[in-house]
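Below is one structure; the comments refer to it alone.
The values are calculated or read from the model by the stated rules, or taken from the named source; none is laboratory data. This structure is a prediction, so every number in the text was calculated from the model and none was measured. Note: ideal-geometry Cβ built from the backbone for every residue, glycine included; neighbour counts use all protein chains shown. Remember, those area values only see protein heavy atoms, side chains included, never the ligands or the DNA or RNA. Shrake-Rupley method; radii C 1.70, N 1.55, O 1.52, S 1.80 Å.
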Amino acid sequence: MSEDQLYFFYDLFQYLINGICQGSIYALIALGYTMVYGIIKLINFAHGEFYMIGAFTGYFCIRGGIPLYFAFPIAMLVPGIIAVLIEKIAYKPIRHAGRIPALITALGVSFFFQYFGQNVLGADPKAFPEVYEETIYNLGEAVSISSTQIIIIVTTLVLMLFLRWLVMSTKVGKAMRATSFNKDASELMGIDTDKIISFTFFIGASMAGAAGVLVGIYYNTVEPMMGLIPGLKAFIAAVLGGIGIIPGAVLGGLVLGVVENLVVGFWESTYRDAVSFGILILILLVKPTGILGTKTKEKV
Amino acid sequence: MEYLAHLTLNCGIFIILAVSLNLINGMAGQFSLGHAGFWAIGAYTGAAFSVFSPLPIPDWMNLFIGCGIGGISASIAGILIGIPCLRLRGDYLAIATLGFSEIIRLLIVNMDVVGGPRGFTNIPKWANLGWVYLWVVITILFISNLMKGTHGRAIISIREDEIAAESIGINTFKYKLMAFVIGSGFAGVAGALFAYSQQFIHPNGFNFLWSVIILLMIILGGLGSITGAVIGAVILTLLPEVLRLMGETISQWRMVIYSLLLIMLMLWRPQGLFGKKELNLSALLGRKKS
Amino acid sequence: MSAPILHANNITMKFGGLVAVDQLNLKVFKNDLVGIIGPNGAGKTTVFNMITGIYTPSDGEIILEKRNINTERPYAISQLGISRTFQNIRLFKDLSVIDNIRLAGHQGLTYSAMSSIIRSKSFKTAEKKLTEEAIDLLKIFKLENKKDFLAKNLPYGEQRRLEIARALATGPQLLLLDEPAAGMNPNETNELSELIGWLRDYFKIAILLIEHDMGLVMNVCERIYVLDYGKLIAHGTPGEIQNNPKVIEAYLGTEVD
Amino acid sequence: MTFKTILSLLFLLPHIAFGAKADAKDIMLGAVFPMTGPIATYGQESVNGMKLALKRINLKGIRGKKVQLIVEDNKGEPVESANAVRKLISVDDVYAILGSVASSNTLAGAPIAQSAKVPMLTPASTNEEVTKMGKYLSRTCFTDAFQGEVMAKFAYNSLNKKHAAIIVDLSSDYSKGLARIFKKRFKAMGGTIIPQDFSYNQKDTDFRTLLRKVKRKKPDIIFLPGYYQEVGLILKQARQIGMVMPFIGGDGWHSDSLLKLAGKKGIKNNYYSSHFSPDDTDPAVQNFVKEYVAAYGSKPGAMAALGYDGLMVMADALKRATSLNREALQKAIASTQNFKGVTGMITLDKMRNARKGAVVLETTEQGNIFKEKISP
């Protein structure tokens, strides 16, 4: 193998690591998207903002001297609670008005947090405080992985497995699945679907909050508009993997992250977003149910 | 009063945008979140014509040719985007159109001929209040007359019940595409008029936020109502300027006020101020009598 | 006997692992009045959905006057002369009664979108004719007094009638009625069964209907197909069906009890 | 009901618009700056500088009158800028307008000021196009071309680096302009540039893959003409993956946040060109710094100094104008010669661009260190 060929593989490997890491972030946000969509068929546009709220909660906690292992759960809790409140105030009253008003409300909530954040916190990016000394591990000659990258990938895997366990093996998970399958029937079976929906929002927003803190540490910056693009990307990831399917969200996130980094690595940064949106449109046209989705037909 | 004249002109441009989006969202029931993309295409092609190859004829003739070019280019884009996307439903369509309009914007940013990220400068001032409102009248007449014929009814039937529409022989895809192409075409005309009145356009002036603001206009007025779209456009064009006149603090909170307004409107009247009804003077007078 | 206008030749519909309709053979002749019966979930509506193009059969072929229409879109099939109503009424709820009918008259119109925009003469004459025809049709269904009502404001029975009127306004040669008597009281059902026979003769069309009301089916239909679990278990005149042991076992038997 | 409300609102509008008319005895000037939105810090700092200048000007007044400055927020958006310029001209009837920061904002307002023949002076927009919009457009800062040249000279002569890579922010014309000139000058002097294009977009956060690509080409210096939001992250991530060569850039780097974003490792050994350094020993500069600190509690940045100089040049032109009207004022602005500002000697050339020197600063953990001054 010539040196160029060898380096091609080094590069490829490094881009894959970077991509998996970025994809993990998308995946964490996509999990919430997918769960909320699964249960009330709402594309919660405001989901990216829970990620932003999580990042800022982490930022203020750590600046206030709270150690990371406390700040992290707090940063999951706060967006979770806010999400539940938002669901009660804005989404629940119009749950029966159809999908479009719900989607518009979600847009409104998203804008509210973005601009409220800009006015209160300022639009300029804040530097996330350094929480630990980063270590770089060299894998062979020209490939490296940082401690933060490892933490991100591991956290994502752990949270995904936790969610899968929660949904598949617990009582509340069973109720979630039942509600998602048929809300009215679940109510007749004695499931408090309002509670289940709130719980789903809580879990989804907590995942986004976790992603927010990880991103704060990884990229070192937080700002009020930070949720917009990752929110859209996570949505693409959720659709890509099959919306409503938990492993699908993770798969979609990873695929998207890797593809984006390959585009940047072997092509041009400029085309990255265009490629992402292109993937979205392609998947919607070719297989709208996503990679892991199964076909359903509208009942006539 | 130049400032008020210009605000009135801006109202006209947004009326065209709102009425044309209303055809897609309100009448055909196809939830598009990409109107700013077609607006941008009209603005940039119209501007390119005016800067690179204006004809040696009076300005107002050039204006009409420019608006035609903007409108037709946007329609063509509407066909190209509509054919794949209109097979999607509801929220999926919304996201796909959003994606396309962002791709359009990214393409413009990367085109140095039209100024790229700097913006497109030196556009002649061809548009004035009169020409803009002539186009407003053309747009409203075009769309409201269309809605009174069988093509318009077919478009509405898609919103009402797509499966039933198909069952009585309506090629729903064709009429969706018709609504989408006409709507995007008028957005393109609005783009060209915008370029000829602002004399400077910038890709960021056509981002996702603007698609949402135009959507907000028609939702405020009531999806499916042309008069509602007109009133929604006027209110939301004037509101930021009124807020500006009210002082710095309120102006600063403009977007927050907007978003709260949107949420409250959905909670209070998800069908908008006028619902699907058209407002007319006699009905107003009649209501006063009773 | 002449060739059938509609021939469903061994059609099968599978959803995932579930076989909703299994190798069904069905023929409808000119001026025919045919019923499909069967217990819930027997696949009756699925047959309608295949014939009208909402589903594409997994296997077999649907032939309309010597032409395979398996993959045609629903609107095209409607234009070829098959029109239908729905089990759970699908009117254009926010449109007026007359607009519901005028929409269905859409196929007869030839003016372009441009002529409606400039309000040309051809537009005006065509619209006038369309409105007159719509009112004539509404008179048949005793709905002309309510022509400006919104469809959603009609009582249930009238909504059913309006949907049939709308289906007829497309000028079909074959009309599919999906449980037309559902939710009607005995009086209304009686009126309906008379109306169905009369419509067949007046418009010179064939009618294929799904119905749970045995009285209506036995009364009106000349031939009956019986489905159970997607399979055809019997076919014949009302008299033959009533005495068919398989049918009694699968369907009538349980009802007679 | 609703109709009535709308009607009354429409009638109310002109009332509000005409109601707040200022004292006619004062000289009215307008300012269009981003006070909110993503680049609000630039606008706020500029206005702080201008307010300081205003205080100084009004100690004596001009032509026996006081100067009033009406600040309009453009939110950093082109369309809002155009609206603000329009409002200042037709509602407030200002003599001249100062603004704005981002070149796209200034360019949006420029045709309106030009066609109304209202002098528009930008203290901070460096894009070449701005002053080409017409003879009522001028600027008191240097242009992108000059910055690109300064950094090419600095890299080649002062740092003695010969093999450069360029990373461009493709969503910014400013960045593309600087890159173009740098490439030309650096090559002309004898340096080599890695031919491949490296680029990113604003709001990007992950540069690891991009930087990896750059690293593989082994440049000994990297020209990074971006804004501090992304530059900070790039510096940090570059050091993390073991890139040790210096990064250099333009005035877009200027911000207190740069150090925080880049971190201690990231900030070291980088340089950028700017309009102003508070460490400049010039007594005029030190005096300005002292006043600024007294008023706002922090050291002034480049934007503050530029805003200050912009208004001071305007005041100087108001004094020199043959009579108090817009045409005479514009003539006076265009003929500004050797005006001693805190950002250097300001002389407007034929194209109404300021010719003045730039400072090069080194970024360190303790703050920026003044390296050298490069004159045109």
| remark: Output for Cβ contacts, cut-off 7 Å, separation at least six or different chains, first residue within 26 Å of D:Ala145 (Cα to Cα) in the stretch D:273-302, second part of a loop (DSSP other than H, G, I, E, B) and among the basic types (Lys, Arg), reads D:Pro278/D:Lys299
| task | Residues being more than 8 Å from every other protein chain (Cβ to nearest Cβ) and either within 24 Å of C:Ala126 (Cα to Cα) or open to solvent by 30 Å² or more (accessible area, probe 1.4 Å) (or both): count how many of those fall in the stretch C:88-104. | result | 6
| Is it the case that some residue within the stretch C:106-118 is closer than 30 Å to B:Gly275 by Cβ, buried (at least 22 other Cβ atoms within 10 Å of the Cβ) and more than 7 Å from chain B (Cβ to nearest Cβ)? | no
| Only one of (1) over 24 Å from B:Gly29 (Cα atoms); (2) without any contact (Cβ under 8 Å) to a residue 24 or more places away in the chain fails for B:Ile235. Which number is that? | (1)
| said: When you scan the stretch D:232-252, do you find a residue that is modelled with pLDDT under 90 and not in a helix (DSSP H, G or I), even just one? | reply: yes
| How many of the residues in the stretch C:141-158 are in contact with a Lys or Arg (Cβ under 8 Å, 6 or more places away or on another chain) and in contact (Cβ under 8 Å) with a residue 40 or more places away in the chain? | 5
| So is A:Ala274 within 14 Å of A:Thr156 (Cβ to Cβ) and assigned to a helix (DSSP H, G or I) or not? | no
| note | Flagged in the stretch B:201-214 as buried (at least 24 other Cβ atoms within 10 Å of the Cβ) and modelled with pLDDT of 90 or more, in numbering order, are B:Ile201, B:His202, B:Pro203, B:Phe206, B:Ser211, B:Ile214
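Yes/no matrix, rows are residues, columns are (1) open to solvent by 10 Å² or more (accessible area, probe 1.4 Å); (2) of a type in the set (Ser, Thr, Tyr):
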position: D:Thr209; (1), (2): no, yes
position: D:Leu235; (1), (2): no, no
position: D:Trp253; (1), (2): no, no
position: D:Asp256; (1), (2): yes, no
position: D:Asn270; (1), (2): no, no
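Here are some residues: D:Glu72, D:Glu77. Which one is within 8 Å of another protein chain (Cβ to nearest Cβ), free of Cβ contacts under 8 Å to residues at least 60 places away in the same chain and open to solvent by 30 Å² or more (accessible area, probe 1.4 Å)?
D:Glu77
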| Output for the stretch C:1-36, where each listed residue is over 19 Å from C:Arg200 (Cα atoms) and of a type in the set (Asp, Glu) | C:Asp22
| message | Kindly evaluate B:Ser167 against the criterion of being touching a strand residue (DSSP E or B) at 6+ places or on another chain (Cβ under 7 Å) and either touching a residue at least 12 places away in the same chain (Cβ under 8 Å) or open to solvent by less than 20 Å² (accessible area, probe 1.4 Å) (or both). | response | yes
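Residue-wise test of (1) in contact (Cβ under 8 Å) with a residue 12 or more places away in the chain; (2) crowded, with 24+ Cβ neighbours inside 10 Å; (3) within 13 Å of chain B (Cβ to nearest Cβ); (4) in a helix (DSSP H, G or I).
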| residue | (1), (2), (3), (4) |
| --- | --- |
| D:Ala108 | yes, yes, yes, yes |
| D:Ala124 | yes, yes, no, no |
| D:Glu129 | yes, no, yes, yes |
| D:Lys132 | yes, no, yes, yes |
| D:Glu149 | yes, no, no, yes |
| D:Tyr156 | yes, no, no, yes |
| D:Ile167 | yes, yes, no, no |
| D:Tyr174 | yes, yes, yes, yes |
| D:Ile181 | yes, no, no, yes |
| query | Does B:Met178 satisfy being under 20 Å from C:Gly105 (Cβ atoms) and more than 8 Å from every other protein chain (Cβ to nearest Cβ)? | reply | no
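For the stretch A:97-109, does any single residue satisfy the condition of being over 30 Å from A:Leu12 (Cα atoms) and assigned to a loop (DSSP other than H, G, I, E, B)?
Yes, there is a match, as at least one residue in the stretch A:97-109 is over 30 Å from A:Leu12 (Cα atoms) and assigned to a loop (DSSP other than H, G, I, E, B).
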| Mind checking which residues of the stretch B:125-134 are of a type outside the set (A, V, I, L, M) and open to solvent by less than 30 Å² (accessible area, probe 1.4 Å)? | B:Trp126
| query | Taking the stretch C:87-116 only, how many residues are β-branched (Val, Ile, Thr) and within 13 Å of B:Glu160 (Cβ to Cβ)? | reply | 1
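Take the residues of the stretch A:85-116 that are more than 7 Å from chain B (Cβ to nearest Cβ), without any contact (Cβ under 8 Å) to a residue 40 or more places away in the chain and not aliphatic (A, V, I, L, M): which is surrounded by the most Cβ atoms within 10 Å (Cβ to Cβ)? I'd like the intermediate steps shown before the answer.
Narrowing the stretch A:85-116 to residues more than 7 Å from chain B (Cβ to nearest Cβ): A:85-89, A:91-92, A:95-96, A:98, A:102, A:106, A:110, A:113-114.
Cutting the leftovers down to without any contact (Cβ under 8 Å) to a residue 40 or more places away in the chain gives us A:85, A:89, A:96, A:98.
Remaining after also requiring not aliphatic (A, V, I, L, M): A:96, A:98.
Values: A:His96: 8, A:Gly98: 11.
Among those that are more than 7 Å from chain B (Cβ to nearest Cβ), without any contact (Cβ under 8 Å) to a residue 40 or more places away in the chain and not aliphatic (A, V, I, L, M), it is A:Gly98.
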| message | Can you tell me which condition D:Ala164 does not meet? The list is (1) closer than 30 Å to A:Thr270 by Cβ; (2) under 21 Å from the mean Cα position of the chain (by Cα), and all the others hold. | response | (2)
| query | Just for the stretch A:38-71: of the residues that are over 17 Å from A:Met160 (Cβ atoms) and hydroxyl-bearing (Ser, Thr, Tyr), which one is most open to solvent (accessible area, probe 1.4 Å)? | reply | A:Tyr69
| note | Here the qualifying pairs (Cβ atoms under 7 Å; residues six or more apart or on different chains; first in the stretch D:205-221 and in a loop (DSSP other than H, G, I, E, B); second surrounded by fewer than 22 Cβ atoms within 10 Å (Cβ to Cβ) and not β-branched (Val, Ile, Thr)) come out as D:Lys217/D:Gln196; D:Pro219/D:His163; D:Pro219/D:Met245; D:Asp220/D:Lys161; D:Asp220/D:Lys162; D:Asp220/D:His163; D:Asp220/D:Met245
| field | Residue that is modelled with the highest pLDDT, among those in the stretch B:97-123 that are open to solvent by less than 30 Å² (accessible area, probe 1.4 Å) and part of a loop (DSSP other than H, G, I, E, B) | value | B:Ile123
| task | Name, by its number, the condition in (1) in a loop (DSSP other than H, G, I, E, B); (2) crowded, with 19+ Cβ neighbours inside 10 Å that does not hold for C:Lys142. | result | (2)
| task | Output yes when any residue across the stretch B:239-258 is hydroxyl-bearing (Ser, Thr, Tyr) and modelled with pLDDT of 85 or more, and no when none is. | result | no
| query | Name the helices (runs of 4 or more DSSP H) wholly within the stretch C:186-242 that hold at least 3 residues that are surrounded by fewer than 20 Cβ atoms within 10 Å (Cβ to Cβ) and either touching a residue at least 40 places away in the same chain (Cβ under 8 Å) or out of contact with any helix residue (DSSP H, G or I) (no Cβ under 8 Å at 6 or more places or on another chain) (or both)? | reply | C:186-203
| Of all the residues that make up the stretch D:220-229, how many are touching a strand residue (DSSP E or B) at 6+ places or on another chain (Cβ under 8 Å), open to solvent by less than 10 Å² (accessible area, probe 1.4 Å) and not β-branched (Val, Ile, Thr)? | 4
| helices (runs of 4 or more DSSP H) wholly inside the stretch A:143-235 that include at least 2 residues being small (Gly, Ala, Ser) and more than 14 Å from chain D (Cβ to nearest Cβ) | A:171-181, A:183-188, A:193-219
